[in-house]
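The values are calculated or read from the model by the stated rules, or taken from the named source; none is laboratory data. The shown structure was predicted, so the numbers you read here are calculated from the model rather than taken from an experiment. Counting neighbours? That spans all protein chains shown, and the Cβs are built from the backbone with ideal geometry, glycine included.
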Amino acid sequence: MFDADFNFINEEFYADRITPSQLDSLLADGWRHFGNHFFRYNLGLYEFDVRFVIPLRIRLDAFSFSKSQRRTLTRNSDLETNLESLCINAESSGLFERHRLRFRTHVPDSIFDFVSPEPNHLFDTKQLSVRSGTDLLAESYFDIGERSISGVYATFDPAFSNRRLGIFTLLQEIEYAIDVGKEFYYLGYSYAGSSFYDYKKKFRSSEYLDWQRNLWKPYSTDIEGENADARI
(Lines give C-alpha, C1' and ligand atoms only; values in the text may rest on other atoms or scores of the structure.)
Protein backbone atom coordinates (compact mmCIF):
# COMPACT_ATOMS: atom_id res chain seq x y z
CA MET A 1 0.00 0.00 0.00
CA PHE A 2 1.12 3.57 -0.65
CA ASP A 3 1.10 6.43 1.82
CA ALA A 4 -1.65 8.98 1.36
CA ASP A 5 0.94 11.63 0.50
CA PHE A 6 2.73 9.45 -2.09
CA ASN A 7 3.70 11.56 -5.10
CA PHE A 8 3.78 9.67 -8.40
CA ILE A 9 6.57 10.92 -10.71
CA ASN A 10 6.65 10.23 -14.44
CA GLU A 11 8.33 13.00 -16.44
CA GLU A 12 10.34 13.37 -19.64
CA PHE A 13 11.86 15.94 -21.96
CA TYR A 14 14.18 16.14 -24.96
CA ALA A 15 17.32 18.26 -25.13
CA ASP A 16 19.81 19.29 -27.80
CA ARG A 17 22.51 20.42 -25.39
CA ILE A 18 23.24 19.98 -21.67
CA THR A 19 26.18 21.58 -19.82
CA PRO A 20 28.26 19.52 -17.35
CA SER A 21 26.80 21.40 -14.36
CA GLN A 22 23.26 20.92 -15.71
CA LEU A 23 23.96 17.21 -16.04
CA ASP A 24 25.02 17.11 -12.38
CA SER A 25 21.77 18.78 -11.33
CA LEU A 26 19.64 16.45 -13.44
CA LEU A 27 21.34 13.35 -12.06
CA ALA A 28 20.94 14.64 -8.50
CA ASP A 29 17.20 15.01 -9.13
CA GLY A 30 16.86 11.42 -10.33
CA TRP A 31 16.90 12.01 -14.10
CA ARG A 32 18.35 9.49 -16.54
CA HIS A 33 18.68 9.66 -20.32
CA PHE A 34 19.04 7.55 -23.44
CA GLY A 35 20.30 9.72 -26.27
CA ASN A 36 18.54 13.08 -26.08
CA HIS A 37 15.52 11.62 -24.25
CA PHE A 38 15.58 12.48 -20.53
CA PHE A 39 13.21 10.80 -18.10
CA ARG A 40 12.55 10.09 -14.45
CA TYR A 41 9.95 7.94 -12.73
CA ASN A 42 9.53 6.51 -9.26
CA LEU A 43 7.39 3.51 -10.21
CA GLY A 44 8.47 1.07 -12.90
CA LEU A 45 7.18 -2.12 -14.48
CA TYR A 46 9.36 -5.17 -13.81
CA GLU A 47 8.07 -8.46 -15.23
CA PHE A 48 4.51 -8.65 -13.82
CA ASP A 49 4.94 -6.16 -10.99
CA VAL A 50 4.99 -2.41 -10.58
CA ARG A 51 7.98 -1.66 -8.36
CA PHE A 52 9.36 1.31 -6.51
CA VAL A 53 12.33 2.72 -8.45
CA ILE A 54 15.52 3.31 -6.45
CA PRO A 55 18.10 5.65 -8.04
CA LEU A 56 21.60 4.80 -6.78
CA ARG A 57 24.92 6.61 -6.71
CA ILE A 58 28.31 6.10 -5.05
CA ARG A 59 29.95 8.77 -2.91
CA LEU A 60 33.48 8.32 -4.22
CA ASP A 61 35.51 9.89 -1.40
CA ALA A 62 34.42 7.04 0.89
CA PHE A 63 34.35 4.22 -1.65
CA SER A 64 36.47 1.06 -1.56
CA PHE A 65 36.31 -2.13 -3.63
CA SER A 66 34.97 -5.32 -2.08
CA LYS A 67 36.97 -8.56 -2.24
CA SER A 68 34.70 -9.84 -5.00
CA GLN A 69 35.16 -6.66 -7.03
CA ARG A 70 38.93 -6.85 -6.64
CA ARG A 71 38.84 -10.45 -7.86
CA THR A 72 36.94 -9.31 -10.95
CA LEU A 73 39.57 -6.66 -11.65
CA THR A 74 42.37 -9.19 -11.19
CA ARG A 75 40.64 -11.83 -13.33
CA ASN A 76 40.55 -9.40 -16.25
CA SER A 77 43.97 -7.83 -15.80
CA ASP A 78 45.14 -9.66 -18.95
CA LEU A 79 42.74 -7.63 -21.08
CA GLU A 80 43.48 -4.32 -22.78
CA THR A 81 41.23 -1.36 -22.04
CA ASN A 82 40.96 1.79 -24.10
CA LEU A 83 39.08 4.99 -23.31
CA GLU A 84 37.96 7.43 -25.99
CA SER A 85 35.11 9.74 -26.85
CA LEU A 86 31.87 8.09 -27.95
CA CYS A 87 32.29 6.63 -31.43
CA ILE A 88 29.94 3.77 -32.30
CA ASN A 89 31.23 1.80 -35.28
CA ALA A 90 30.45 -1.49 -37.00
CA GLU A 91 32.48 -3.43 -34.44
CA SER A 92 30.50 -1.83 -31.59
CA SER A 93 27.23 -2.68 -33.31
CA GLY A 94 28.36 -6.27 -33.88
CA LEU A 95 29.17 -6.64 -30.19
CA PHE A 96 25.74 -5.26 -29.31
CA GLU A 97 24.06 -7.83 -31.58
CA ARG A 98 25.81 -10.63 -29.66
CA HIS A 99 25.01 -8.99 -26.34
CA ARG A 100 21.29 -8.65 -27.06
CA LEU A 101 20.99 -12.43 -27.41
CA ARG A 102 21.18 -12.58 -23.59
CA PHE A 103 17.69 -11.11 -23.27
CA ARG A 104 14.54 -13.21 -23.25
CA THR A 105 12.15 -10.29 -22.80
CA HIS A 106 12.38 -6.56 -23.60
CA VAL A 107 15.10 -7.27 -26.15
CA PRO A 108 16.66 -3.94 -27.22
CA ASP A 109 16.58 -3.12 -30.92
CA SER A 110 19.74 -1.08 -31.34
CA ILE A 111 22.67 0.36 -29.44
CA PHE A 112 21.24 3.72 -30.49
CA ASP A 113 18.32 3.06 -28.14
CA PHE A 114 20.83 4.03 -25.44
CA VAL A 115 23.44 6.34 -26.94
CA SER A 116 23.21 9.08 -29.52
CA PRO A 117 24.22 8.40 -33.15
CA GLU A 118 25.78 11.88 -33.08
CA PRO A 119 28.89 11.64 -30.88
CA ASN A 120 28.96 14.05 -27.92
CA HIS A 121 26.30 16.37 -29.30
CA LEU A 122 24.74 16.60 -25.82
CA PHE A 123 27.80 16.52 -23.56
CA ASP A 124 31.01 14.54 -23.11
CA THR A 125 30.24 10.82 -23.35
CA LYS A 126 33.10 8.34 -23.11
CA GLN A 127 33.44 4.88 -24.59
CA LEU A 128 35.43 2.20 -22.73
CA SER A 129 36.52 -0.72 -24.93
CA VAL A 130 37.88 -4.01 -23.61
CA ARG A 131 39.89 -6.32 -25.87
CA SER A 132 41.69 -9.60 -25.88
CA GLY A 133 44.21 -9.15 -28.66
CA THR A 134 42.19 -7.73 -31.55
CA ASP A 135 38.86 -9.14 -30.33
CA LEU A 136 36.37 -6.69 -28.80
CA LEU A 137 34.91 -8.40 -25.70
CA ALA A 138 33.08 -5.54 -23.99
CA GLU A 139 32.23 -1.89 -24.32
CA SER A 140 30.58 0.60 -21.98
CA TYR A 141 29.43 4.20 -22.23
CA PHE A 142 29.33 6.89 -19.56
CA ASP A 143 28.68 10.63 -19.26
CA ILE A 144 31.00 13.24 -17.76
CA GLY A 145 29.52 15.94 -15.57
CA GLU A 146 31.31 18.68 -13.67
CA ARG A 147 31.31 16.78 -10.36
CA SER A 148 29.95 13.42 -11.41
CA ILE A 149 30.08 10.52 -13.84
CA SER A 150 27.05 8.53 -14.87
CA GLY A 151 27.01 5.05 -16.36
CA VAL A 152 24.75 4.81 -19.42
CA TYR A 153 25.00 1.28 -20.84
CA ALA A 154 27.37 -1.66 -21.21
CA THR A 155 27.62 -4.48 -23.72
CA PHE A 156 29.69 -7.66 -23.62
CA ASP A 157 30.13 -10.88 -25.53
CA PRO A 158 28.03 -13.59 -23.78
CA ALA A 159 30.69 -16.15 -24.67
CA PHE A 160 32.84 -14.55 -21.95
CA SER A 161 30.19 -14.27 -19.24
CA ASN A 162 32.45 -15.99 -16.71
CA ARG A 163 34.68 -12.90 -16.73
CA ARG A 164 31.83 -10.68 -15.40
CA LEU A 165 32.70 -8.07 -18.02
CA GLY A 166 29.66 -5.90 -17.28
CA ILE A 167 30.86 -5.52 -13.70
CA PHE A 168 34.44 -5.12 -14.90
CA THR A 169 33.66 -2.14 -17.13
CA LEU A 170 31.61 -0.58 -14.32
CA LEU A 171 34.55 -0.94 -11.94
CA GLN A 172 36.86 0.59 -14.55
CA GLU A 173 34.50 3.57 -14.85
CA ILE A 174 34.49 4.01 -11.07
CA GLU A 175 38.30 3.92 -11.01
CA TYR A 176 38.38 6.56 -13.73
CA ALA A 177 35.91 8.75 -11.83
CA ILE A 178 38.11 8.56 -8.72
CA ASP A 179 41.28 9.28 -10.71
CA VAL A 180 39.83 12.46 -12.26
CA GLY A 181 38.52 13.72 -8.92
CA LYS A 182 34.76 13.33 -9.34
CA GLU A 183 32.46 13.36 -6.32
CA PHE A 184 29.77 10.90 -7.44
CA TYR A 185 29.32 7.93 -9.71
CA TYR A 186 25.68 7.40 -10.71
CA LEU A 187 24.71 3.74 -11.09
CA GLY A 188 21.24 4.44 -12.47
CA TYR A 189 17.96 2.86 -11.44
CA SER A 190 17.31 -0.29 -9.47
CA TYR A 191 14.06 -1.73 -8.12
CA ALA A 192 12.79 -2.48 -4.64
CA GLY A 193 12.79 -6.25 -4.21
CA SER A 194 14.79 -8.75 -6.20
CA SER A 195 15.43 -7.88 -9.86
CA PHE A 196 17.92 -8.00 -12.72
CA TYR A 197 19.42 -4.76 -11.37
CA ASP A 198 20.44 -6.08 -7.95
CA TYR A 199 24.13 -5.92 -8.93
CA LYS A 200 23.87 -2.13 -8.52
CA LYS A 201 23.10 -2.57 -4.82
CA LYS A 202 26.46 -4.19 -4.05
CA PHE A 203 28.75 -1.15 -3.98
CA ARG A 204 30.13 0.39 -0.83
CA SER A 205 29.33 4.02 0.05
CA SER A 206 26.14 3.91 -2.00
CA GLU A 207 23.32 6.39 -1.60
CA TYR A 208 19.71 6.27 -2.78
CA LEU A 209 17.33 9.06 -3.70
CA ASP A 210 14.37 9.49 -1.38
CA TRP A 211 11.90 10.70 -3.99
CA GLN A 212 9.41 12.08 -1.46
CA ARG A 213 11.95 14.31 0.28
CA ASN A 214 14.26 14.78 -2.72
CA LEU A 215 17.24 13.82 -0.54
CA TRP A 216 20.07 11.35 -1.07
CA LYS A 217 20.53 9.01 1.89
CA PRO A 218 22.95 6.17 2.70
CA TYR A 219 21.68 2.99 1.07
CA SER A 220 20.97 -0.07 3.19
CA THR A 221 18.77 -3.10 2.81
CA ASP A 222 16.37 -1.50 5.31
CA ILE A 223 14.70 0.45 2.51
CA GLU A 224 14.07 -2.85 0.73
CA GLY A 225 12.00 -3.98 3.69
CA GLU A 226 9.96 -0.80 3.49
CA ASN A 227 9.16 -1.04 -0.21
CA ALA A 228 9.84 -4.53 -1.57
CA ASP A 229 6.29 -5.79 -1.06
CA ALA A 230 4.59 -2.79 -2.62
CA ARG A 231 2.64 -3.73 -5.73
CA ILE A 232 -0.19 -2.23 -7.76
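What to note about this one:
Quick grid of which residues meet (1) touching a Cys at 6+ places or on another chain (Cβ under 7 Å); (2) free of Cβ contacts under 8 Å to residues at least 12 places away in the same chain; (3) closer than 22 Å to Gly35 by Cβ:
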| site | (1), (2), (3) |
| --- | --- |
| Ala138 | no, no, yes |
| Phe156 | no, no, yes |
| Phe168 | no, no, no |
| Ser195 | no, no, no |
| Asp198 | no, yes, no |
| Ser206 | no, no, no |
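- Positions within the range 6-21 being in a loop (DSSP other than H, G, I, E, B) and among the small types (Gly, Ala, Ser), in sequence order: Ala15
- Of all the listed residues (Arg147, Arg131), the sole one being out of contact with any helix residue (DSSP H, G or I) (no Cβ under 8 Å at 6 or more places or on another chain), at pLDDT 90 or above and of a type in the set (Lys, Arg) is Arg131.
- Note on the range 110-127: residues that are assigned to a loop (DSSP other than H, G, I, E, B), in contact (Cβ under 8 Å) with a residue 24 or more places away in the chain and at negative phi amount to 9.
- Any hit, the range 158-181, residues being in a strand (DSSP E or B) and of a type in the set (S, T, N, Q): no
- Restricting the range 34-45 to residues that are touching a helix residue (DSSP H, G or I) at 6+ places or on another chain (Cβ under 8 Å) and part of a strand (DSSP E or B), the residue that is surrounded by the fewest Cβ atoms within 10 Å (Cβ to Cβ): Phe34
- If you go through the range 58-104 and pick out every residue that is touching a residue at least 40 places away in the same chain (Cβ under 8 Å) and not in a helix (DSSP H, G or I), you end up with 17.
- Count of residues meeting criterion [surrounded by fewer than 21 Cβ atoms within 10 Å (Cβ to Cβ), in contact with a strand residue (DSSP E or B) (Cβ under 9 Å, 6 or more places away or on another chain) and outside any strand (DSSP E or B)] in the range 138-156: 1
- Any hit, the range 128-137, residues being surrounded by fewer than 19 Cβ atoms within 10 Å (Cβ to Cβ), in a loop (DSSP other than H, G, I, E, B) and touching a Phe, Trp or Tyr at 6+ places or on another chain (Cβ under 9 Å): no
- When residues of the range 56-108 are limited to those that are surrounded by 11 or more Cβ atoms within 10 Å (Cβ to Cβ) and of a type in the set (Val, Ile, Thr), the one modelled with the lowest pLDDT: Ile88
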